[in-house]
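Enquirer: Sharing a structure with you now.
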Amino acid sequence: MDAAIEQNRRAAVLSEKKNKVLGVCLEDARISKSYLAVAFVALLLGGLLGLLQGLNRAGVLELPAWLNYYQILTAHGLLLVVVLSAFFTIGYFYAGLSHTLGGLLPKVRNLAWIGFWTKMVGLVLVVVPVLMNEASVMYTFYPPMAAHPVFYFGLVFVVLGIWMLATGAFINVAHWRKNHKGQHLPILAFFATGVFVLLVGATAFVAVEVLFMIIPWSLGWVETINVMVARTLFWAFGHTAVNIWYLTAVSAWYVIVPKIIGGTRWNDYLTRVVVIALVIMNITGGFHHQIVDPGISLPIKFMHVFMSLAIGFPSLMTAYAMFRVFERTGRRKGGKGALGWFKKLPWGDVRFLSPFIAMAAFIPAGAGGIVQSTNQLDQVVHNTMWIVGHFHLTLGMSVVMTFFGISYWLVPYLSKRVLTPQMNKLGVIQTIIWTVGMVIMAISMHAAGLLGSPRRTSFTTYGDFAETLGWNPLMTAVGIGATLLLIAVILQVHAVFNMMFFAPKGEVEFPIAEVEKNETAAPYMTERWGIWVVVMMIVIAMAYVLPLTDMIVNAPPGSPPFKTW
């Protein structure tokens, strides 16, 4: 065992030295920068549309006849939930694979570029019908609302692009393992493997829904669609997508942030167990998004509630690990007393500040998720603004703010430029503005939801009904929050493209924290991804085979397509 530990340690040190000598591979960097550029352009466009939504819901902006609220809502969701999140995740992890595995293989680079342009073609096909008001179905695209068939063909291309990128990641990991037998996969590549496994598993469900159900239905080849099956397949994807973004953020919390604060990362064994647990349990909680849906038996709903809540265990492990790392590092820097370590953290460094706020935001975000996973409480909040507020906490703060923090070192690293003190200060200001705006928006949305304000609706007073007029001050606060968020978006996009093209030239470290000295190596069993994928598939079968079979065998009459706009 001691020999294996020493071998892994020496291999890690050698790999780190080699990467420092070689620096960033320019061919690989171009791939990651292309994905990141698209991600932040999507952030800018999505933020602008978010402002229009917020001002409309506040009752201070009347949209023109050629641009309706539901077009904006669809585009906003697609740009931020699909484009920003997916493109950033891919750019970040491909940079991590290149750095930790000694560069991308030539065939993997080819797959990455093919995947990039396949996804771009898909996005164009998705966006054009939305702009033409032929696909105002929101990013969930629930039947029986039907978009133009081109919209769904675009989604197919997006999924194909993801599968190509996942294939490339798996090829690169397999090549490294073949040449490093008996060694543990570098931790960031381990996280990437888990994320790409989840991406394939999640998109498989939505691919079945779109290819075999929605496209034939939208083309008129079949008259009706089984709405329950379609919604179930979507949320097997949608629920997992949320946790893919979360796992991406968690990778930075475990691996990157400890290095930035001058510490070591938490126990390697625990870290790998957290990744494996999240991969195995993620896909199986989709029905908790359908608690209010009729046609699903209570035992099935209860089972999925349990599966959803089970994800809380690795999340609690992460919370303990992160704050223990902060305390340990702060005390080593001289922090005394119960909270002296807190003062020793680098609060003026945007690379730490933004992810820290993201971690703190996940506390109320996770609590809100527990609320929505329980039948009685979800009955109260499900179709209200509460859900929108929860989503902005989870994606808008816990995930996106982590992405912001990553960008302040990743973009300079890829561009061979430096993060200047002035840009760091701008990043701190941007982080504060984003935090204030998101807190105002999220609190107002949660409060409005408890008062019954519905989601997915444009501004209305329902004939000046007294109850609905009470929502107006909260909706005004939503508009204020949206305004602050757009200001923060503009600052963030400016920072990214400045660091990508105009910042001073220089070398920036790819910050990967090392483990504690003399730490016992994780069992090699954690590397058996074939086993964990099989376990994941068994758990998925437990969750979905019986309910989907029941929905198909005892199918309702089905629904023809409807266009409600």
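Enquirer: What is the distance in Å between the Cα centroid of the range 183-219 and that of the range 505-565?
Expert: 8
Enquirer: Excluding residues fewer than 8 places away in the same chain, name every one of the lysines whose C-alpha is closer than 28 Å to that of residue 517.
Expert: Answer for residue 517, where 28 Å is the Cα cut-off: 17, 18, 20, 178, 181, 259, 333, 336, 343, 344, listed by chain and number.
Enquirer: Under a Cβ-only charge scheme (Lys and Arg +1, Asp and Glu -1), can you give me the dipole magnitude of the range 123-280 about the Cα centre, in debye to the nearest 20?
Expert: The calculation lands at about 780 debye.
Enquirer: Let me spell out the model: positive unit charges on the Cβ of Lys and Arg, negative unit charges on the Cβ of Asp and Glu, origin at the Cα centre of the range 444-550. What dipole size does that give, in debye rounded to 20?
Expert: Result for the range 444-550 is approximately 260 debye, rounded to the nearest 20.
Enquirer: Using Cα positions and a limit of under 20 Å, work out the lysines in reach of residue 119, with same-chain residues fewer than 8 apart set aside.
Expert: 33, 107
Enquirer: Here is a follow-up. Using a 1.4 angstrom probe, figure out how much accessible area the chain has per residue, in square angstrom, rounded to the nearest whole.
Expert: Counting only protein heavy atoms, the per-residue value for the chain is 41 Å².
Enquirer: Tell me what the chain gives for mean residue ellipticity at 222 nm when only DSSP H runs of n ≥ 4 count, each as -39,500 (n - 2.57), the sum divided by the residue total, rounded to 500 deg cm²/dmol.
Expert: Value at 222 nm, helices only, nearest 500: -23000 deg cm²/dmol.
Enquirer: Give me the aspartates and glutamates in straight-line cross-link reach of residue 301: C-alpha distance below 17 Å, same-chain residues under 8 apart excluded.
Expert: Of all the aspartates and glutamates, those that pass the test against residue 301 - Cα under 17 Å, at least 8 places apart if same chain - are 293, 378, 550.
Enquirer: Provide the FRET efficiency to the nearest 0.05 for the residue 211-residue 517 pair, computing r from the beta carbons and using R0 = 60 Å.
Expert: E between residue 211 and residue 517, to the nearest 0.05, is 0.70.
Enquirer: Can I ask one more? Of 134, 62, which has the most accessible area with a 1.4 Å probe, and how do the rest follow in descending order?
Expert: 62, 134
Enquirer: Hey, another quick one. To the nearest 0.05, how large is the calculated FRET efficiency for residue 62 and residue 374 if R₀ is 51 Å and r is the Cβ-Cβ distance?
Expert: 0.85
Enquirer: Turning to a different aspect of this structure: Relative to the present Cα-Cα distance, how much length would full extension add between residue 524 and residue 549 at 0.36 nm per residue of separation?
Expert: 5.2 nm
Enquirer: Sticking with this structure for a sec: In debye, nearest 20, what is the charge dipole magnitude of the chain about its Cα centre with +1 on Lys and Arg Cβ and -1 on Asp and Glu Cβ, if you could check?
Expert: That gives the chain a dipole magnitude of about 1940 debye.
Enquirer: So for the range 227-374, averaging the separation of alpha carbon pairs under 8 Å that are six or more residues apart and normalising by length, what relative contact order in percent results?
Expert: Result for the range 227-374 is 27 percent.
Enquirer: Would you check the accessible area of residue 233, probe 1.4 Å, heavy atoms only, in square angstrom rounded to 10?
Expert: 10
Enquirer: Return the carbon/sulfur percentage of the accessible area of the chain, one whole number, probe 1.4 Å, all protein chains in place.
Expert: 71
Enquirer: Oh, and also: With point charges of +1 on the Cβ of Lys and Arg and -1 on the Cβ of Asp and Glu, referenced to the Cα centre of the range 444-565, which listed residue (552, 535, 498) lies farthest in the positive direction of the dipole?
Expert: So the residue we want is 552.
Enquirer: What's the local net charge at residue 388, with K and R +1, D and E -1, over the other residues with C-beta under 15 Å away?
Expert: Around residue 388, the charge tally is +2.
Enquirer: Only one of the listed values, (i) 24.9, 81; (ii) 23.9, 89; (iii) 23.3, 76, was derived from the coordinates as Rg and Dmax of the Cα atoms in Å; which label is it?
Expert: Calculated Rg and Dmax of the Cα atoms in Å: the matching label is (iii).
Enquirer: Which FRET efficiency value, to the nearest 0.05, is calculated for residue 333 and residue 509 with the Förster distance at 22 angstrom and r the Cβ-Cβ distance?
Expert: 0.70
Enquirer: Put a dot 7 Å past each Cα toward the Cβ at residue 222 and residue 150; how far apart are the dots in nm?
Expert: Result: 2.5 nm between the two label points.
Enquirer: May I pose another question? Where does the charge balance sit around residue 529 when Lys and Arg score +1, Asp and Glu -1, over other residues with C-beta under 12 Å from its C-beta?
Expert: That works out to +2.
Enquirer: Right, another one. So what's the net charge close to residue 226: Lys and Arg +1, Asp and Glu -1, counting the other residues with Cβ under 14 Å from its Cβ?
Expert: Once all neighbours under 14 Å are counted, the net charge is -3.
Enquirer: Considering only protein heavy atoms, with the full assembly of protein chains and a 1.4 angstrom probe, order 564, 394, 483 by accessible area, largest first.
Expert: The most accessible residue leads, giving 564, 483, 394.
The values are calculated or read from the model by the stated rules, or taken from the named source; none is laboratory data. Fair warning: this is a prediction, and the values are worked out from it, not measured in the lab. All Cβ positions, glycine included, derive from the backbone under ideal geometry; neighbour counts span all protein chains shown. Please note that ligands, DNA and RNA were not included when accessible areas were found on the heavy atoms of the full protein model with its side chains. Shrake-Rupley method; radii C 1.70, N 1.55, O 1.52, S 1.80 Å.
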